[in-house]
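Data first, discussion second: the structure below is written as structure tokens.
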Amino acid sequence: MCGGSRFLDVGPEYNPGLVSLIPRLICAGGSLSGQLFQAMRQSIIDGASDTAAELAQQALAIGVDPLEAVNQGFAAGITFAGDQFGCGQMFLPDLLASAEAMKAAINILEPEMLKRGSQREALGKIILGTARGDIHDIGKNLVATILSASGFQIFDLGTSVTPEEFVAKAKEVDADIVGISALLTTTMAGQKAVIEALDRNGLRPRVKAIIGGAAVTQKWAAEIGADGYSRNAIDALELAKNLMSKVMNKGTAQA
Ligand code: B12
């Protein structure tokens, strides 16, 4: 959606002074999640890392679920910024600033997300990385955090990962699942290349391959023979758990 730099949403006007107002609003018993989420979104659109980090801290202090803060607050801001960039209303340096602000917020929220899932048992080994030529990692990192918080052992290879690197790591750690992220239509081909490389190396079908990223669809997943795809980190968790139960059942059946 192309338009101004203010996030268009129902609810109260964004209030830049909200960060310092939060403690007072809490004392007054005010309900502020709507305003808080809107301030989070706007801090990302503005590329205001300090504000984003402070809002994340305040959210934790008042007991907001960190994942909800990401989904309802910060992620909506980066999506809006992306749309603005897409229709030429925002330029790359601004988008970069928005991405930095997003990272600043997630850095604050991540330890709490991990803590909430720290008591779980080990569910399986997952390799994650962004496809070759692609440097987007915010979504992939979020997937890593959620999966790790839920008990999966994550091996994050970072960005612009080659098929050979995915294969080598899968062999090294005897992975159960390989997850490939791609945000650009041009790098989606890299997801296919990873699956082909896993096939060539005899790792499939034992090692499952899952994909994700803004441009990825179920249709694309089916076309390249992926075992699944998800639109967000929460669905990625469900997907990984379902695939692990297949892996475990197969192991039991073969034993
Ligand atoms: C932030 C951003 C950037 C940042 C990246 C910073 C970083 N460290 O990641 C910067 C500014 C560096 C950047 C650069 C570029 N970008 Co950019 N970027 C974005 C933006 C705005 C947001 C992406 C994001 O972080 N979203 C938030 C996260 C939480 O969502 P997500 O990534 O989709 O991840 C979720 C799901 O997809 C899923 N998921 C993700 N990965 C995986 C993996 C698995 C295995 C699973 C199961 C699930 C899963 O779960 C995640 C969490 O919920 C998008 C627009 C958009 N709406 O996506 C454009 C966008 C992706 N970029 C775009 C472009 C064109 C570029 C550049 C080429 C610009 C340029 N001219 O240089 C470069 C690319 C450089 C490169 N070689 O990679 C285009 C892509 C167009 C296309 N279809 O190809 C987009 C769509 C913007 C647009 N509307 O035009 N970008």
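What the table below lists for this structure:
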item	result
Computed over region 96-255, Cα set: Rg, Dmax in Å	15.0, 53
Label point 7 Å beyond Cα of A215 along Cβ direction - residues of region 160-191 with amide nitrogen under 15 Å	160, 181-191
Pairs from K171/K192; K140/K169; K140/K241; K103/K208; K103/K246 whose Cα-Cα separation, in the structure shown, is over 26 Å	K103/K208; K103/K246
Those aspartates and glutamates that a straight Cα-Cα span of less than 14 Å connects to K219, excepting residues fewer than 8 apart in one chain	D227
Hydrodynamic radius by Kirkwood, which averages 1/r over all alpha carbon pairs of region 157-250, in angstrom	13.2
Residues K246 and I62, FRET efficiency given R0 of 30 Å [Cβ-Cβ distance, rounded to 0.05]	0.15
Gain in span if fully extended, T186 to F91, counting 0.36 nm per residue against the direct Cα distance	32.2 nm
Order of F166, F155 under a 10 Å beta carbon neighbour criterion, fewest first	F155, F166
Residue order, fewest to most beta carbons within 10 Å, for V143, V64	V64, V143
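Every number here is computed from the coordinates shown, using simple stated rules; none is lab data. For clarity, every value in this text was computed on a predicted model and none was experimentally measured. Cβ sites come from the backbone with ideal geometry, for glycine too, and all protein chains shown count toward neighbours.
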